[in-house]
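A.B. asks: Sending over a structure as structure tokens; questions will come in a sec.
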Amino acid sequence: MNNIKIGVLALQGAIREHTQHIEALGATGVAVKWPRDLSEVAGLIIPGGESTTIGKLMVEYGFTEAIRDFNAAGKPIYGTCAGMILLAKKITEGNQPLLSLMNIEARRNAFGRQRESFEADLDIKDIGLFKAIFIRAPWIETVGESVETMAEFGNIKVMARQGSLLASAFHPELTGDLRVHKYFLDMIKEA
Amino acid sequence: MIETGTLRVKTGLAEMLKGGVIMDVTDAEQAKIAEDAGAVAVMALERVPADIRAAGGVARMADPTKIEEIINAVTIPVMAKARIGHFVEAQILEALGVDYIDESEVLTPADEEHHINKWDFKVPFVCGCRDLGEALRRISEGAAMIRTKGEPGTGNIVEAVRHMRSVNGGIAWLKGLRDDELFAVAKELQAPYELVKWVHDNGRLPVVNFSAGGVATPADAALMMQLGADGVFVGSGIFKSEEEYVAKRAKAIVQATTHYGDPELLARVSKDLGEPMVGIEISQIPQAEMMQERGW
């Protein structure tokens, strides 16, 4: 169990930061550039970035089906920000490619533009107090069946889990705090 | 407690743009084309650099009406340019809700000594540079993202290459120095010692560094990525190319930026893109019209 390989979808966005967190936990980070790269990893992180850009490239390179198969095989996936949007079953507005795996509805740019981007302390279930960084962040408008809300900002849902799927509207990879990634690593170990 | 406009929030947005293409657009229609092609952000302008170069005169911040039109047309981040040192143009752009301000040498400088004190703003700034010292000076003024300058509006990649090599060569050199040499180096680079030390210890800039100024083809974009750029700005290169193929070229440049190390993919996406923008040989540009010389 020592050398667990975790993939980071490497189409666009904060790939380096997630990889550094994975490596800091003693696992190996793998840049997933093509669907074939998924065969060598035990879990996948879909990073923050521009969800429209990542979504289009995902379709272009045949990732949509490949990631759905990866999920169907019980392998854990964690999406941050844009990654959370891509995991969602649907979004409140607009029309863009989604994986539609997780039983949540996401609202893009829900908190506003960049000037409204912020840092705040969250209390995350099973993890505790966490400094969360929200950047032009989405939120979870509604959660469906078998989805557990893990963190709320006020009464807005910003982190959730559904079985082997984990999603956060904020960016733990931009802090030095490894606990959310550790939580995801444990999900992989238990899978 | 909620904090907005923190350094992590400012640099964080730039981190999210990495591996992406930021495209110059002059109206809502172009902004939609850029978004559909997979741009990670658009730069709202009245004229692209090639047209600014052709028009001459004083180039200023774009009309707020134009910027709002573009903000309302897309869901991706919108950047806009302020003149070097023109902190009131920057205040206006912040008030408009622009996501990033480019304090840019493409516009006519408003101040020949002082850049904007970017720490005064909640909105993040990107600034141009030609070498490591210039990059660190801008970061010390509060820039949360850097781009190498190149020579805007030329469709000629040579200056972009020169500046990227210069910054990354500077970092490699700095990394190899002894700790006791950094004090004199800080003086030489005209940059704060703390930033010089940080780059020495970490082997990179503390913020993201994109390439700008001269990208016209997918191969140009991939070249800059292979030389170590975190992403690419494309100014005139898209909308000054053959009109029928604009969307296809934009999409090809996005793909080339993602898969910059894959020559087979680059060959495939480089096919049938029509005529690129007409380029300008750098030696044909009078010294006074070199945009990269603006700022220090």
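A.B. asks: Given q = 0.06, 0.07, 0.08, 0.12 Å⁻¹, what are the Debye log10 I(q)/I(0) values for the protein assembly as shown, with equal point scatterers placed on the Cα positions and solvent ignored?
C.D. replies: -0.25, -0.35, -0.46, -1.05
A.B. asks: Assuming a strict under-21 Å limit between Cα atoms, what lysine pair count do you get for segment A:5-190 once near-sequence pairs (fewer than 8 apart, same chain) are dropped?
C.D. replies: The number of close lysine pairs in segment A:5-190 is 18.
A.B. asks: Using modelled backbone amide H atoms (1.01 Å from N, in-plane), which distant-in-sequence or interchain residues come within less than 5 Å of A:Glu141's amide H?
C.D. replies: Residues meeting the amide H criterion: A:Glu105, A:Ala106, A:Arg107.
A.B. asks: Using only protein heavy atoms and a 1.4 angstrom probe, determine the accessible area buried between A and B, summed over both sides, in Å² to the nearest 100.
C.D. replies: Working: alone 8560 and 13230 Å², together 18520 Å².
Roughly 3300 Å² of accessible surface disappears when A and B pair.
A.B. asks: Given an 8 Å cut-off on Cα distances and at least 6 residues of separation, report the relative contact order of segment A:5-190 as a percent.
C.D. replies: Working: 407 pairs, mean separation 34.8, N = 186.
Relative contact order for segment A:5-190 comes out at 19 percent.
A.B. asks: Separate question: Of the lysine pairs in segment B:76-216, how many meet both conditions: Cα atoms under 15 Å apart, and a spacing of 8 or more in sequence or different chains? Spell out each step's value before the answer.
C.D. replies: Working: B:Lys81/B:Lys118; B:Lys81/B:Lys149; B:Lys175/B:Lys197; B:Lys187/B:Lys197.
Value for segment B:76-216: 4.
A.B. asks: Give me the percent of accessible area attributable to carbon and sulfur for segment B:158-296, probe 1.4 angstrom.
C.D. replies: Values: 3420 of 6700 Å².
The nonpolar share, carbon plus sulfur, comes to 51 percent.
A.B. asks: Right, something else. Using θ = phi - 60° and the Karplus curve 6.51 cos²θ - 1.76 cosθ + 1.60, what whole-Hz ³J(HN,Hα) does each residue of segment B:163-174 get, with Gly and Pro shown as x?
C.D. replies: Whole-Hz 3J(HN,Hα) from phi for segment B:163-174: 6, 5, 5, 5, 5, 6, x, x, 5, 4, 5, 4.
A.B. asks: Evaluate peptide A:164-176: per residue, the Cβ atoms of other protein chains within 10 Å of its Cβ; return the mean as an integer.
C.D. replies: On the way: counts 0, 0, 0, 0, 0, 0, 0, 5, 0, 2, 6, 2, 0.
Average neighbour count from other chains, rounded to a whole number: 1.
A.B. asks: Additional query: Through the Karplus equation 6.51 cos²θ - 1.76 cosθ + 1.60, θ set to phi - 60°, convert the phi angles of segment A:13-28 into ³J(HN,Hα) values in whole Hz; use x for Gly and Pro.
C.D. replies: Per-residue couplings from phi come out as x, 7, 6, 4, 5, 5, 4, 4, 5, 4, 5, 5, 8, x, 8, 9 Hz.
A.B. asks: Per-residue HN-Hα couplings for segment A:123-136, Karplus 6.51 cos²θ - 1.76 cosθ + 1.60 at θ = phi - 60°, whole Hz, x for Gly and Pro?
C.D. replies: My calculation for segment A:123-136 gives 9, 9, 4, 6, 10, x, 5, 8, 7, 9, 10, 10, 10, 6 Hz in order.
A.B. asks: Taking amide H atoms as placed 1.01 Å from N in the peptide plane, list the residues 5 or more away in sequence, or in a different chain, whose amide H sits under 5 Å from that of A:Ile4.
C.D. replies: A:Thr28
A.B. asks: Label segment A:131-180 by shape, choosing from rounded, prolate and oblate, from the square roots a ≥ b ≥ c of the eigenvalues of the Cα gyration tensor; if a/c is under 1.5 it is rounded, and otherwise prolate applies when a/b is larger than b/c, oblate when it is not.
C.D. replies: Values: a/c = 2.24, a/b = 1.40, b/c = 1.60.
In terms of gyration-tensor shape, oblate.
A.B. asks: If you don't mind, there's one more thing I want to ask. Please give the charge dipole size of the protein assembly as shown, origin at the Cα centre, charges +1 on K and R Cβ atoms and -1 on D and E Cβ atoms. Round to the nearest 20 debye.
C.D. replies: Numbers: 52 positive and 68 negative charges, 172 e Å.
Roughly 820 debye, rounded to the nearest 20.
A.B. asks: Given C-alpha coordinates of segment A:5-190, what is the ratio Rg to Rh with the Kirkwood estimate of Rh? Please list the in-between numbers first.
C.D. replies: Numbers: Rg = 14.7 Å, Rh = 16.0 Å.
Dividing the radius of gyration by the Kirkwood radius yields 0.92.
A.B. asks: On to the next question. Give the residue from B:Leu227, B:Asn117, B:Ile157 lying farthest towards the positive end of the charge dipole for chain B; charges sit on Cβ (+1 for Lys and Arg, -1 for Asp and Glu) and the dipole is referred to the Cα centre.
C.D. replies: So the residue furthest toward the plus end is B:Leu227.
The values are calculated or read from the model by the stated rules, or taken from the named source; none is laboratory data. Only a predicted model underlies this, so the values are computations on that prediction, with no experimental measurement involved. Don't worry about glycine lacking a Cβ; one is built from the backbone with ideal geometry, like all the others, and counts go over all protein chains shown. Just the protein is used for accessible areas: all its heavy atoms, side chains included, with ligands, DNA and RNA removed. Shrake-Rupley method; radii C 1.70, N 1.55, O 1.52, S 1.80 Å.
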